[in-house]
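Only one structure is covered here, and it is reproduced in the block below.
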Amino acid sequence: MTSAAALALAAAGCANLSGDYNDPTQLHRPQNDGANGSVGDVHVRNAFLLGPPGAEQQGRPAAGQGAGQAPLYAVLVNDRPQPIRLERVTVEGGGTVRLAGTVEVPAGGVAGADRPIGTVSGLSTRAWVPMTFIFAAGPELRLTVPVLARAGMYATYSPAPQEAPTGSPPPATATPSPSLTGSP
């Protein structure tokens with residue numbers, strides 16, 4: 001075997017070209033369109049803002065909606081033995097986030113998997129938004145959150161958090177994680 005062929009094989013092995021579903025390098029990499037991050041036992045998965053329809057037709061991500069509003073989706077995961085609460089989310093460079101209510105994440109559970117956790121307003125037009133998720137127990141997690149077009153699989157997503165009939169926002173859904181509780 002020539003040295004060039006050996007280098008090509010070694011490079012392919014290092015590039016992780018494996019299509020094996022059980023490949024450990026693939027198991028711990030979230031496969032989604034949103035931002036992902038962790039601080040200790042607290043994780044934010046698939047965080048994204050839902051932008052306007054049509055931007056995907058130009059072959060680029062959706063831009064923000066200016067002074068309009070964009071729903072914030074994120075799945076919050078708590079691997080701690082005690083519950084945690086998302087206190088607030090801040091937007092770098094302008095904009096405000098109004099949470100959909102109290103976002104409690106139970107011990108060993110998840111929240112935010114079924115609807116937006118909040119609404120972001122006052123964004124400048126951009127495809128990525130730096131945001132900080134601040135939890136009452138102290139962890140802060142900074143992510144650069146993409147703005148996705150309301151098209152394809154996102155066309156049916158709710159445009160805003162659902163309000164309770166009384167006008168007060170409902171608490172975000174919290175579900176124990178089967179892998180952490182031992183349930184099937």
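Annotation: Ala74 fulfils all but one of (1) buried (at least 18 other Cβ atoms within 10 Å of the Cβ); (2) in a loop (DSSP other than H, G, I, E, B); (3) modelled with pLDDT of 90 or more; (4) touching a Lys or Arg at 6+ places or on another chain (Cβ under 9 Å); the unmet one is (2). Selection within the stretch 101-134: residues that are outside any loop (DSSP other than H, G, I, E, B) and among the polar types (S, T, N, Q). The member of this set that is farthest from Ala74 (Cα to Cα) is Ser121.
Here Gly152 meets the list (1) free of Cβ contacts under 8 Å to residues at least 60 places away in the same chain; (2) surrounded by fewer than 19 Cβ atoms within 10 Å (Cβ to Cβ) almost entirely, failing just condition (1).
Please determine, by comparing only the residues of the stretch 31-43 that are over 10 Å from the mean Cα position of the chain (by Cα) and part of a loop (DSSP other than H, G, I, E, B), which one is modelled with the lowest pLDDT. Once the filter is applied, the top-ranked residue is Gln31.
Scanning the stretch 135-149 for residues that are part of a strand (DSSP E or B) and open to solvent by 20 Å² or more (accessible area, probe 1.4 Å) yields Glu140, Arg142, Thr144, Leu148.
The values are calculated or read from the model by the stated rules, or taken from the named source; none is laboratory data. Just so you know, these numbers come straight off a predicted model, no measurement behind them. Note: ideal-geometry Cβ built from the backbone for every residue, glycine included; neighbour counts use all protein chains shown. Heads up: the accessible areas ignore ligands, DNA and RNA and are worked out on the full protein's heavy atoms, side chains in. Shrake-Rupley method; radii C 1.70, N 1.55, O 1.52, S 1.80 Å.
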